[in-house]
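Contents: one structure, followed by commentary.
Bear in mind these aren't lab numbers, they're just calculated from the coordinates by the rules spelled out. In this text the structure is predicted, and so the values were computed from the model without any measurement. Here the Cβ is made from the backbone with ideal geometry for all residues, glycine too, and neighbour counts use every protein chain on show.
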Amino acid sequence: MTLLPSLMLLVWASDPGVALKAFEKGDYAAALREWKPAAEKGQVDAQFNLGVLYLKGLGVSKDPQEAFRWFRMAADQGQPQAQFMVGSMREKGFGGAPDYAEALRYYQLAVENGDSDAANGLAALYEEGYGVQKDFTRAVYWYKLAAEQGVSEAQFRLGVLTERGEGTPRNDAEAGKWYMRSAEQGYAPAEARLGVLYTQGKGVTQDNLKAYFWLTLATKQDLRIAERLRNQVLAKLAQDDVTKIEMDVSKWRPKVSPVKNATIAH
């Protein structure tokens, strides 16, 4: 299933800077005062922003149903981030029971408007067969579209399907490339899988030091399977190597991908 991304608000108000400044200062009640009247008048970006506030409980009590209502208003006016959010929430059962057909429809609308997270959502529906016939070829197509635009979950899933040879020819080196791109953004499942590839020498040159590095990063995100594998690799390493790698891990920072359905719309 698709994950909800970090939400980004769309900046709008009678004075566009007022709401943004309030939001950045953590004065969510003031941001609400700016966005709500605009949203009620049909201003699409303000509707999206209001949905974000209700979804996260910022300046208001958390209310996913109310968030969904505002997202849908914006989505039905063609706002792509809102279209993605409606698709994602319908997939997960917000705003009612899961409705995969409606999720598919809103993802498709968002993709047509250039939303890469929605391409990832479409891919997941085709991979799992939710609301559509399972189709790995289509899943690969949509995952690749999203992956090339920096969506870390899509990069990981594309790696998985490429490693398995589902919907695309099996290619361990190509899978490793996509795992690396995802792991470099700090996506824990990709970090763990990349660690496994380095322990096995599958699609990459076998390297226990690199395996330990990536498995340690995944372990820091509480991925239990990575922790177990990391302990197995640890037994094969010299203490000096372990000390150096753990120092490298402490300095490592993920690459920042372009923010998409996130905090604020301009």
Using the Cα centre of the chain as the reference point, and only Cβ charges (+1 on K/R, -1 on D/E), how large is the resulting charge dipole? Debye, rounded to the nearest 20. 380
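Which of the pairs Lys56/Lys177; Lys56/Lys220; Lys41/Lys144; Lys56/Lys92; Lys62/Lys255; Lys56/Lys144 have their Cα atoms more than 27 Å apart in this structure?
Exceeds cut-off: Lys56/Lys177; Lys41/Lys144; Lys62/Lys255; Lys56/Lys144.
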Per-residue ellipticity at 222 nm for the chain, helices alone: DSSP H runs ≥ 4 residues times -39500 (n - 2.57), over residue total, nearest 500 deg cm²/dmol? -20000 deg cm²/dmol
Please list, or write none, the aspartates and glutamates whose alpha carbon is within less than 12 Å of the alpha carbon of Lys134, excluding same-chain residues fewer than 8 places away. Glu166
From the square roots a ≥ b ≥ c of the eigenvalues of the alpha-carbon gyration tensor of the stretch 200-255, which class results: rounded (a/c under 1.5), prolate (a/b over b/c), or oblate? rounded
Inter-label distance for Lys202 and Ala30, nm, one decimal - labels placed 7 Å from Cα along Cα-to-Cβ: 5.4
